Number of protein chains: 2
Amino acid sequence: MSAASRLSIALVHYPVWNKNQEVVATAVTNLDIHDIARSARTYGISRYYIVTPVVEQQKLVEKIRLHWLEGWGATYNPKRKMALELLQTESSLDGALADIESRTGRRAKIVVTGAAGRANSVSFTELKQLMAGDPEEQYLLLLGTGWGLTEEIFDRGDYVLEPISGGSDYNHLSVRSAAAIMLDRIFG
Amino acid sequence: MSAASRLSIALVHYPVWNKNQEVVATAVTNLDIHDIARSARTYGISRYYIVTPVVEQQKLVEKIRLHWLEGWGATYNPKRKMALELLQTESSLDGALADIESRTGRRAKIVVTGAAGRANSVSFTELKQLMAGDPEEQYLLLLGTGWGLTEEIFDRGDYVLEPISGGSDYNHLSVRSAAAIMLDRIFG
């Protein structure tokens, strides 16, 4: 199996920080779904999970997914269909982990991402080496929304990925851009 | 000057192809403005031009820009202000070139991008070497919207940048994701 096919992405809408350091569930946005699915498909990623416990939001994601997979969108833009085939809604991080385990028989290693560095961060090079080390291991890359993933999520990570630096003092990429760059650095 | 400070980006809304191979002016989208401005700021790019000849669309961009630079948005999210300070509307590619020339005294080299390769494409490595070769040279990286930049634009390019490959047969990244990956490959 290629390394990319052993990695899944989860875009986490809960639990995340809001601007005032409160733990919230953020709203799903259409372009997060499309952009990250297209990046995931480009680099050969296994699955792209949208994680939200809010049932109405789950229904919205499913409506978008079915539009492009079975509805008018599937005929209008088959390339979009290819990307959104990777999409799956889960109500929690544990739901995504359970899905990977049911498909592969392996408990995925959790890789947490964020804009701030951590003492135990691994570099992109180190993550690539880790992935090459065991060709059966599964990985789940967690991306935050809002003002980022909470400590509860960081504490569950097997690894924390180093933040993306562009050589400036500005580290406020959109989650869509950050996802694209991360996949390119790992698999490009 | 850093290499990144000698590069500007133009997101071209005309002339581009639509799905039916007709030359059209596409609509400006809010998230193209924000995402690419944030990526540009992260990597230290000089300017981010939105190119559209449609006056109503120019006004829309200016309204968004002023909201974040001077309006309520400037206080709400100063980080967004830092990104949108790079934003500038131009009615044509020539307008963007003239602006660079008036600011720097140099006619920028045009680097065209697209999802398909060309016989005269330069690799990311070659572009970096070109940029290192003359520390005064200015560059303008053109990104297409819709179904991509027209031949008229490709013909004007000094260089065509190789398409981004993710190792799969799928090359349908969003322009927001493609911009992020390109900047990371050149300056990351």
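The values are calculated or read from the model by the stated rules, or taken from the named source; none is laboratory data. In this text the structure is predicted, and so the values were computed from the model without any measurement. Cβ coordinates were reconstructed from backbone atoms using ideal geometry, including for glycine residues, and neighbour counts include every protein chain displayed. Side chains are part of the model used for accessible areas, which takes the heavy atoms of the whole protein and leaves out ligands, DNA and RNA. Shrake-Rupley method; radii C 1.70, N 1.55, O 1.52, S 1.80 Å.
Whenever a residue of segment B:130-146 is of a type in the set (S, T, N, Q), its partners that are in a strand (DSSP E or B), lying with C-beta atoms within less than 6 angstrom and at least six residues away or across chains, give the pairs B:T145/B:V16.
Looking at the structure I just gave you, is B:E56 open to solvent by 40 Å² or more (accessible area, probe 1.4 Å) and free of Cβ contacts under 8 Å to residues at least 12 places away in the same chain? Talk me through it step by step, then tell me what you get.
Numbers: open to solvent by 40 Å² or more (accessible area, probe 1.4 Å): yes; free of Cβ contacts under 8 Å to residues at least 12 places away in the same chain: yes.
For B:E56, the condition - open to solvent by 40 Å² or more (accessible area, probe 1.4 Å) and free of Cβ contacts under 8 Å to residues at least 12 places away in the same chain - is met.
Checking the stated criteria, A:T113 turns out not to satisfy the condition of being in contact with a His (Cβ under 9 Å, 6 or more places away or on another chain) and either basic (K, R) or open to solvent by less than 30 Å² (accessible area, probe 1.4 Å) (or both).
For segment A:13-28, the criterion of being within 14 Å of another protein chain (Cβ to nearest Cβ), modelled with pLDDT of 95 or more and closer than 26 Å to A:A115 by Cα is met by at least one residue.
Among the residues of segment B:154-185, write down those that are away from chain A (no Cβ under 14 Å) and open to solvent by 10 Å² or more (accessible area, probe 1.4 Å). Those that are away from chain A (no Cβ under 14 Å) and open to solvent by 10 Å² or more (accessible area, probe 1.4 Å): B:F154, B:D155, B:R156, B:G157, B:D158, B:Y159.
Scan A:R41, A:R47 and give me the residue that is in contact with a helix residue (DSSP H, G or I) (Cβ under 6 Å, 6 or more places away or on another chain), open to solvent by 40 Å² or more (accessible area, probe 1.4 Å) and touching a residue at least 24 places away in the same chain (Cβ under 8 Å).
Values: A:R47 fails: in contact with a helix residue (DSSP H, G or I) (Cβ under 6 Å, 6 or more places away or on another chain).
Checking each option against the conditions leaves just A:R41.
Considering the conditions (1) part of a helix (DSSP H, G or I); (2) within 19 Å of B:L141 (Cβ to Cβ); (3) open to solvent by less than 10 Å² (accessible area, probe 1.4 Å), B:G73 is excluded by exactly one of them, (2).
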